[in-house]
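The structure appears right after this line, and notes come after that.
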Amino acid sequence: LDVPRFKVHAALGVRLERLDEYLEGYRGAVPTSPSMYATVTSRAVGLSDSVTALLPFHDMVNHSPEPNIAMQFESDGRPRFSFFALGDIAEDDELFLKYSDVTDDDDGAWDEDKAAWQLVQWGIPSGPEDCCPPFMRSVEINSQNL
């Protein structure tokens, strides 16, 4: 594991706080349970800074740092959401999305905060080698020293 344990614990703490808020906010109004929360959050996708959608099929497509499909949200005019192929896909090929980007927005280097959230949110471990060319791997973390 390349992400420091304290960051995984912090991200997990945020996730558990959100579960508590969800259970408290809807108690008595609608059926609630931790499994319902997990189902909803596994299908929640941030499409833009101000739009989050529930996509029932999102968690049926596996994650890959090298996806063969992508999704796009356009909000100009009539809002539209679409999936599209990033290249040729054979009939029996599995479809892969990149659930989240674990690189820094400014320099493209691996971002361990984003990686911690990806691990807690979807159970996907990542390290610098999963996202960055060798010349961009500026931070190497040895999990044995945690």
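The values are calculated or read from the model by the stated rules, or taken from the named source; none is laboratory data. On a predicted model such as this, the values are computed, not experimentally measured, just so you know. Here the Cβ positions follow ideal geometry from the backbone for every residue, glycine too, while neighbour counts run over all protein chains shown. Just so you know, the surface numbers come from the protein's heavy atoms only, side chains and all, with ligands and any DNA or RNA stripped out. Shrake-Rupley method; radii C 1.70, N 1.55, O 1.52, S 1.80 Å.
A few comments on the model shown:
- Matching residues, segment 56-94, being open to solvent by less than 80 Å² (accessible area, probe 1.4 Å) and either closer than 18 Å to Gln118 by Cβ or of a type in the set (Lys, Arg) (or both): His58, Asp59, Val61, Asn62, His63, Ser64, Pro65, Pro67, Ala70, Met71
- Exclusive hit being open to solvent by less than 40 Å² (accessible area, probe 1.4 Å) and part of a loop (DSSP other than H, G, I, E, B), set Ser100, Ser48: Ser100
- The one condition from (1) under 14 Å from Asp2 (Cα atoms); (2) modelled with pLDDT of 65 or more; (3) of a type in the set (Asp, Glu) that Asp92 does not meet is (1).
- For segment 6-39, a residue qualifies if it is open to solvent by 40 Å² or more (accessible area, probe 1.4 Å), aliphatic (A, V, I, L, M), within 21 Å of Ala115 (Cα to Cα) and modelled with pLDDT under 80, and exactly one does: Ala38.
- First in segment 61-89 and at pLDDT 85 or above, second anywhere and polar (S, T, N, Q) and part of a strand (DSSP E or B), Cβ under 8 Å, 6 or more apart: Phe84/Gln72
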